[in-house]
Amino acid sequence: MKLRLPLLRAATMGAALAVLGACVTPAPAPPAAAAAPGAPAALRPWRTLQGGFLAPPGAAFGLPARPGTGAFVKLLAPTAIALRGNDLLIADAGSGRLWREDLALNTLTPVAGAPVTPGTAVALGPDLSAWVLDGISRQVLRFARDGRLLQTWRAAPAAASVAGFALADGGATLLVVDDSLRQWVEFRGAGGLALPRALPPDLRGADGLAVAGDTVFVLDKARGVVHALRRDGTTLAVLGERELKQPQAIAADRFARVFVVDAADGTVKLLVPGREAQVFGAQALGVQQIGGIAVDERFLAVSDRVSGAVVIHQLVGEGRP
């Protein structure tokens, strides 16, 4: 019996594991390994989202989102988007609503009270709170995952006209770009003082903002370039000169790769210092008309305001010099 007991336990454990393995869905395969640094980036289609099942707001922290119990809601004309992990923010100009989509559960949750206008910009904080730019009122709103309005940053009187915003310092600092005074303004914490930063004199317009580490990227539509700046306003590089024709939107990842929507030819152009722009056409992106872009780690999301879809691609290859 002493010799058979371990065998019996092993057989019982093996049977249990076999049953468990039959009940558990295998985890998806991880993204393909990146190419060597300096190799051009490549797109690998991952998911196409047409909408989701209506669901109530999830808990503020710690608990998973609840499955959708409502009808399937189709996206109409998605524009600005933001991606972080399993959460996707979608500003739908067709319905005038801001949606939070759970990619795992395929659910849509409305963010009540969030404005959606032609100039709306969105972001997701490290705590997955939703940040929304209300350009008409010159303010940025922050909503919790459970839908509560947490904070309101009013740019006036520090900023005369708000064209975009970005989060820095792990979400602790809000940067708002002012296209009228050609500066960005830093807000550090609720109720904190606004710290303006003058932009370079050769900048003709400040039309969008993205942050990667300590580098701030300012989109200059009039000149057709992106200015890479230190946080103190010092110029590091000018990207996209003679390559961008009609830039409309900007995003950046932690590798300091800059993605710009060029409305002139309906493409997304990847800008890396010291390299020619890499161009992704509409066919490669799987869209008809680009409404907005977002980048998170190795994923690039593109909204299609004509077909009403959001297409997410894996980015394979570092694309760094």
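The values are calculated or read from the model by the stated rules, or taken from the named source; none is laboratory data. Please read all numbers here as calculations on a predicted model, not as lab measurements. When we count neighbours, we look across all protein chains shown, and the Cβ atoms used for this are built from the backbone with ideal geometry, even at glycine. With ligands, DNA and RNA removed, areas are computed over all heavy atoms of the protein, side chains included. Shrake-Rupley method; radii C 1.70, N 1.55, O 1.52, S 1.80 Å.
Filter segment 225-238 down to residues that are of a type in the set (A, V, I, L, M) and open to solvent by 10 Å² or more (accessible area, probe 1.4 Å) and give me whichever is nearest to GLY171 (Cα to Cα).
Top of the filtered list is LEU236.
Counting only residues that are in contact with a Leu (Cβ under 8 Å, 6 or more places away or on another chain) and not acidic (Asp, Glu), how many does segment 255-266 have?
4
Would you point out the residue of segment 306-315, among those that are at negative phi and modelled with pLDDT of 95 or more, that is most open to solvent (accessible area, probe 1.4 Å)?
Residue satisfying both the conditions and the ranking: VAL306.
Tell me, please, whether a residue that is of a type in the set (Gly, Ala, Ser), open to solvent by 10 Å² or more (accessible area, probe 1.4 Å) and under 25 Å from ASP262 (Cβ atoms) can be found in segment 184-193.
So far as segment 184-193 goes, no, none of its residues is of a type in the set (Gly, Ala, Ser), open to solvent by 10 Å² or more (accessible area, probe 1.4 Å) and under 25 Å from ASP262 (Cβ atoms).
With ALA284, ALA228, ALA251, ALA256 as the choices, which residue is in contact with a Phe, Trp or Tyr (Cβ under 7 Å, 6 or more places away or on another chain), touching a residue at least 24 places away in the same chain (Cβ under 8 Å) and either more than 25 Å from ASN86 (Cα to Cα) or not in a strand (DSSP E or B) (or both)?
Going through ALA284, ALA228, ALA251, ALA256 in turn, the sole match is ALA228.
Output the number of residues of segment 87-110 satisfying the condition of being in contact (Cβ under 8 Å) with a residue 40 or more places away in the chain, crowded, with 21+ Cβ neighbours inside 10 Å and aliphatic (A, V, I, L, M).
5
Taking GLY205, is it surrounded by 15 or more Cβ atoms within 10 Å (Cβ to Cβ) and either at positive phi or not in a strand (DSSP E or B) (or both)?
Answer is yes for this residue.
Hey, any hits in segment 135-151 for a residue that's open to solvent by 10 Å² or more (accessible area, probe 1.4 Å), within 16 Å of the chain's Cα centre (by Cα), modelled with pLDDT of 90 or more and within 20 Å of GLY208 (Cβ to Cβ)?
Yes, the conditions are met somewhere in segment 135-151.
If ALA222 satisfies every condition in (1) buried (at least 20 other Cβ atoms within 10 Å of the Cβ); (2) small (Gly, Ala, Ser); (3) in contact with a Gly (Cβ under 6 Å, 6 or more places away or on another chain) but one, which is the exception?
Only one criterion is unmet by ALA222, namely (1).
I want to confirm something. Restricting to segment 248-273 and keeping residues that are open to solvent by less than 10 Å² (accessible area, probe 1.4 Å) and basic (Lys, Arg), which single residue is farthest from the chain's Cα centre (by Cα)?
LYS269
Of everything in segment 287-307 that's assigned to a loop (DSSP other than H, G, I, E, B) and of a type in the set (Val, Ile, Thr), which residue is farthest from ALA42 (Cα to Cα)?
If we take residues in segment 287-307 being assigned to a loop (DSSP other than H, G, I, E, B) and of a type in the set (Val, Ile, Thr), then VAL306 is farthest from ALA42 (Cα to Cα).
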